[in-house]
1. What is segment 330-391 by shape, rounded, prolate or oblate, if you read a ≥ b ≥ c off the alpha carbon gyration tensor as root eigenvalues and call it rounded for a/c under 1.5, prolate for a/b larger than b/c, and oblate otherwise?
2. Looking at the square roots a ≥ b ≥ c of the eigenvalues of the Cα gyration tensor of segment 284-373, which shape do they give, rounded for a/c under 1.5, prolate if a/b is larger than b/c, or oblate?
3. Lys and Arg at +1, Asp and Glu at -1: add these up for the other residues within a Cβ distance under 12 Å of Ala280 and post the number.
4. Subtract the Cα-Cα distance of Leu219 and Ile383 from 0.36 nm times their separation in residues, and report this length gain in nm to one decimal.
5. Determine the sum of side-chain charges near Ile385: Lys and Arg each +1, Asp and Glu each -1, restricted to other residues whose C-beta is under 15 angstrom from that of Ile385.
6. What is the sum of charges, Lys and Arg at +1 and Asp and Glu at -1, for the other residues whose Cβ falls under 14 Å from the Cβ of Val115?
Amino acid sequence: MDGREQVSIKAPAVGMFMLLLLYLGFVSIGLPDAAFGVAWPSLRDAFALPQSQFGVALAFIGAGFLVASSFAGRFLAAMGVGRLLALATTITGIALAGFALAPGWPAFLAFGLLVGFGGGAIDSGLNAYAASRLSARHMNWLHAAFGLGAGLGPFAMTAAVGLASWRFGYGALALVMLALATLFVVTRGVWGTAVGHDAAADEASISAGQAMRIGLVWLQVFAFFTYVGAEISLGQWTYAILTESRGYSIEMAGFWAGAFWLALFAGRIILGALAERIGAERLLRIAVLGAFVGYVLFAVDPAGLGPAGLVIAGFMLAPIFPLLMHRTPRMLGLAAPHAIGFQVSAAMLGGIVTPAVAGIIADNMGLAAIPYFLLGVVVINGILIVICLGMPPWRAGREG
């Protein structure tokens, strides 16, 4: 955001309806993402897979997401945001139904590409629309809505696994997504063809190559990579760790897996509202320390307090991503447009690579080793953030 207060939508009645659609859209993005971690043990057994295939599935989903995100600008120009959202949610709904009906692992992976592609297009379309029409407050709360969806996903999949199977869970998620697709199809003309794009912003003041020579850019890139890797990995592997390594019941493991994501949601609402009062940099330092405490509790599990560590970790992780992103224009000035693009890409890669590495570790050392691996990732992330906070803003003409 450039600091200017964005205007919502002109007609109040339409504005409230569109806001509802936006929030539902962001919730829908989170639903299938977090549900996969709960479905994985049953899915793994059904297809006789090793733990390392967990990362392969995330790689397929992530590849589809990256392709859609990379071409989102062209899609928006060609179709407009309304038609893009209608098409993307339809694709995602069909792909989730494909998950439910997949006869084997190769078919599941193929549908994973489509789930990722649809999710990337939905994410890009919603963000493009919201960034041009809504205030910074609503932007923060919209991203918190993702956490709500990610929190509800494990609960829904846990109920499905307990009552029927993971296939039933993905079938239910497909119906939810197709219902949302119907709303987007009906309202596709209301969204308008423009996305509030500022053509002047296309002309970056420095090249991407120049931005890549700035040390602070790379520090932030690695900070985003490790942050999202730690967040996604903990959320995705919690259920398997609790059920297969620590003896929790399906219901309790699903509850705590959902609690992590709901804590992330609550943290973005509560700590986001307090950011200006506390100060962004001070809050970042508090969040880094709090996340470390949460990961330590989950890894060591003293007196059975591991689940409490999950909740602490989720709550304290919450403001890190938005506050780091918010600092970028002030810290990098003319290089910020390129830097933000690098950060988003690094975040996606971190969310793919780190859980995959955790799966390899589980195959070789057991599930109990994953929490300690993630604790190491969080420590690296905290060091990177503290270094970033101590560096002066970059100025044009200086590459360090």
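1. Details: a/c = 6.27, a/b = 1.99, b/c = 3.15.
It is oblate, given that a/c is not under 1.5 and a/b is not larger than b/c.
2. Oblate is the answer for segment 284-373, as a/c is 1.5 or above yet b/c matches or exceeds a/b.
3. Details: positive: Arg277, Arg282, Arg285, Arg327, Arg330; negative: Glu276, Glu281.
Summing Lys and Arg as +1 and Asp and Glu as -1 gives +3.
4. On the way: separation 164, 0.36 × 164 = 59.04 nm, distance 1.01 nm.
Extending this stretch completely gives an extra 58.0 nm.
5. Values: positive: Arg282, Arg285, Arg327; negative: Glu231, Glu281.
Net charge around Ile385: +1.
6. Working: positive: none; negative: Asp33, Asp123.
Net of charged neighbours comes to -2.
Each reported figure results from applying straightforward, stated rules to the coordinates on display, with no laboratory input. Please read these numbers as outputs of a predicted model, since none were measured by experiment. As a convention, Cβ positions derive from the backbone with ideal geometry for all residues, glycine included, and neighbour counts pool all protein chains shown.
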